[in-house]
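Heads up: the structure comes next, in structure tokens.
FYI, it's all coordinate maths here, none of it is from the lab. These numbers come from a predicted model, not from an experiment. Glycine also receives a Cβ, built like all others from the backbone with ideal geometry; neighbour counts cover every protein chain displayed.
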Amino acid sequence: MATYGWAGNILRVNLTTGNISIEDSTKYQEYIGGMGMGYRIIYEEVPLTTHPHDEASKIVMGVGPLTGSSVPCSGRMNISLLSSWSKGKSIIDAHMGGHIGPRIKYAGYDAIIVEGKSSTPVYIKIDNDKVSIEDASHIWGKGTFDANRILTEENGREFETAVIGPAGENLVNYATLNTSFGNSGGGGVGSVMGSKKLKGIAVRGTGSVKVADINRVKELNEYMLKDLIGANNNHNVPAVPQSWAEYSAVGGKNRWSGAPGRRWEKAEGGPIDMGEQPCGDVNRIAYRTLKGVFDHGEVASNYIIKQGGCSACPIRCYTQYEMDPLADYDLPVYVSNTCVPVLYGKMFYPSGVKDFEYEGDANVILSGASSRAQDDMGLWCNYANLQRDFNWLCVSGKIKEVLPQAEYDSLPWEWEKNGDPRWAVEIIRRIAYKEGELATIGEGTLAMVEKWNLGKEYFDAINSNNTNITYNGYPKHHANEDSGQIGLLFNLMYNRDCMIHHLTNVENSGAPYEVTKATMESFFGEGCYDNKKAYKPMNRNKAKLAKWAFNGKQFHDSATLCNWMWPMTQSPSKERNYAGDLNLEADFMAAVTGVNYTKESLEFASERISQMLRVMTAISFNINFGDTNLRDTHDAIPEWVFEQDPDFAPFEEGTYKMDRADMELAKDYFYEEMGWDIKTGIPTRATLEKFGLGDMADDLAARGILPA
């Protein structure tokens, strides 16, 4: 077993008994770490009949061998748990950036297993090898910003903290775990922690990660930063023309948004101009991703302080704002986020929005207010399903049917009509505190549909707000609109939104299609990659590409790397013909751990984790619904995917409408690539034995769902 990369220890904390113990983590090295380790522990220790809020449920906070090692974009933590909100209540993950994952590693742990249930509010304090369960009654009920601040003040600034907010305490299914910076782990992890009366963790680690070949790691770092890395989502062409760049993005729209004349207007000491960021100039990488401008246009610059980011990442994708107009409403003005909550604020305002200080700044300000409120309440959005469901509720008029009249009248509708940022904050607060019928949308789309008898048609409807990609309660996350059959396939594979960026990072990079096509076909073969809204029928190479992306996500959440940035499929270097390097992950793993990883051996280890995910999903659906066929149930695709754009036919240029028969063929090819039974989509014994998962094959057989 390797003695490099991995810390070698697992910390187990039982909140019922107060027992704290240390275990050897080396037996889990074949599962890489993070997600893989978490899946194996949950499978071995938590019966899949367990309700996520039961005392017997467990949370596994895991980091991988690359976290804390200085590998770029490795400041991640993966949290494995059973879902409280998606169909089947099966295995899911929350994913966190920031600095807390590396701190856990520096304290000497590859994972923290939290089990049992406390009778009073507590937090876990980790000070290297000194671990204790501390009273949290004084921060129970507080928002995440206050609670994190208090824990830091009490324990010291060397501690990294993460806590749940009122949403988690009130067992709202859509609840998060948040750092003080706004890094959040979603998937409902906050509700499971709340059920255990666990407010959060505080971690100080003063150790280090042992690296097998530090000179090789340094060499690879320099190679990656100079020749391979792009901007956020690894976009490899600047949005605005720069003197050094052969190409710029069509329409000027991608995440390489930093450019001469674009500035951090509120930077301390005065505005800072982004200037140019040539490929190879590592000292200017952090100016590439002016994410606020990508999200909201040039007007956002008026409120930008700087870009922030996670440990070991030069990209800095977290835009940090000072939004002065919010002070007029007695709301906090400092906001930091990079993803969905800071994008969709106007969806809380179906009557429309109004600008504040600058023309076009309404969505910036309203998104800032709602994003900060969600972070403070510890409320997850399920990749904007929360916002979409609320918007639909209002636009459809259904809100008048499902809310009692007194509750409907109690809502401050004048705030909504006037575009008052307090409106979104109040809606979020009510959901987090489970106040009234409105709070149903915080229990999840599936729970909302069932409670209000909205039926299958809610998932099938053709409208701009419906992005539900299965009938399981979660929306698409860069699906057929980015990569046709490929994206749709891997969006079906999880029990929450897939969070796979392998293909959208290529398709939306800004580079011309001919350039990206040449790169992708050099890796995966002819016909593997289509232009956007110009999809061709399914073929075998597309199935291979889908498999690579699916398994690759498991590697990233196990290693633990940022899937917004990895893999290095492309490059901003003209000298490289804009081609990336798919061997880099294995090269880093070998340099850090001393294990002779190759691209092929790493893909094999990653696929082992994919097989575990599929088995646990099959078991959960069998337990909860008696299902013996994931193809027709878990993997079923809603009608809107095939019925949208009525003026277009499938495969016609200008649409990403899919063809039913073609998608069934896509499933055939993908299942064959994965070694799954074509009729049921369940792994065969031969496949599971191949990956050393014979015990899982026996489990499926005992339940009568192992394919013949």
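Side notes on the structure shown:
- Cross-link partners of Lys553 among aspartates and glutamates (Cα-Cα below 14 Å; sequence separation of 8 or more within a chain): Asp93, Asp497, Glu585, Glu603, Glu607
- Dipole of the chain, positive end: most advanced residue of Ser522, Trp452, Gly68 [Cβ charges, Cα centre]: Gly68
- Prolate/oblate/rounded label for segment 9-204 (Cα gyration tensor, a/c 1.5): rounded
- P(r) histogram, all alpha-carbon pairs of segment 321-452 included - 5 Å bins from 0, percent: 2, 11, 22, 26, 20, 12, 6, 2, 0
- Point-charge dipole on Cβ atoms (K/R +1, D/E -1) for the chain, about Cα centre, debye to 20: 920
- Working from label points 7 Å from Cα in the Cα-to-Cβ sense, the Asp328 to Ile20 distance is 5.0 nm.
- Qualifying lysines (Cα of each under 18 Å from Cα of Lys354; at least 8 residues distant if same chain): Lys346, Lys417
- Ordered by the count of other Cβ atoms within 10 Å of each Cβ, fewest first, His235, His51, His478 give His51, His478, His235.
- Cβ-derived FRET efficiency at R0 30 Å, Ala534 paired with Asp355, nearest 0.05: 0.20
- Local charge for Ser351 was computed over the other residues whose Cβ lies under 12 Å away, with Lys and Arg +1 and Asp and Glu -1, and equals 0.
- Pairs exceeding 19 Å between alpha-carbon atoms, taken from Lys125/Lys196; Lys517/Lys667; Lys58/Lys196: Lys517/Lys667.
- Averaging the Cα positions of each part gives two centres, and for segment 602-656 and segment 206-278 these lie 35 Å apart.
- Paramagnetic label zone (point 7 Å from Cα along Cα-to-C-beta, Ser132; backbone N under 16 Å) in segment 1-23: 18-21
- Sorted fewest first by neighbouring Cβ atoms within 10 angstrom, Thr560, Thr161, Thr206, Thr470 come out as Thr206, Thr470, Thr161, Thr560.
- Options Asn9, Val131, Phe145, ranked by Cα towards positive dipole end of segment 9-204, top entry (Cβ charges): Phe145
- Environment charge of Arg685, counting only residues whose C-beta is closer than 12 Å and scoring Lys/Arg +1, Asp/Glu -1: -4
- Value at 222 nm in deg cm²/dmol, rounded to 500, when DSSP H runs of n ≥ 4 in the chain each add -39,500 (n - 2.57): -10000 deg cm²/dmol
- Segment 206-258: C-alpha gyration tensor shape, a/c 1.5 cut-off, then a/b vs b/c: prolate
- For segment 187-315: rounded, prolate or oblate by the Cα gyration tensor [a/c cutoff 1.5]: oblate
- Pairs from Lys253/Lys542; Lys89/Lys400; Lys197/Lys451; Lys218/Lys306 whose Cα-Cα separation, in the structure shown, is over 29 Å: Lys89/Lys400
- Counting neighbouring beta carbons within 10 Å and listing from fewest to most, the residues Ser311, Ser601, Ser573 come out as Ser601, Ser573, Ser311.
- Centre separation in Å (Cα based) which lies between segment 334-382 and segment 34-82: 31
- Neighbourhood net charge (10 Å Cβ-Cβ; Lys/Arg +1, Asp/Glu -1) for Met323: -2
- Loop sites in segment 505-544: trypsin sites (Lys or Arg not before Pro), DSSP, at most 16 other Cβ within 10 Å: Lys532, Lys533
- Computed from the Cβ-Cβ distance with R0 of 60 Å, the FRET efficiency linking Asp54 to Glu222 stands at 0.75.
- For the chain: relative contact order, % (alpha-carbon pairs under 8 angstrom, 6 or more apart): 15
- For the chain, the residue among Ser606, Leu411, Leu665 whose Cα projects farthest onto the positive side of the dipole built from Cβ charges is Ser606.
- Length added when fully stretched, Asn624-Phe651, from 0.36 nm per residue minus Cα-Cα: 6.0 nm
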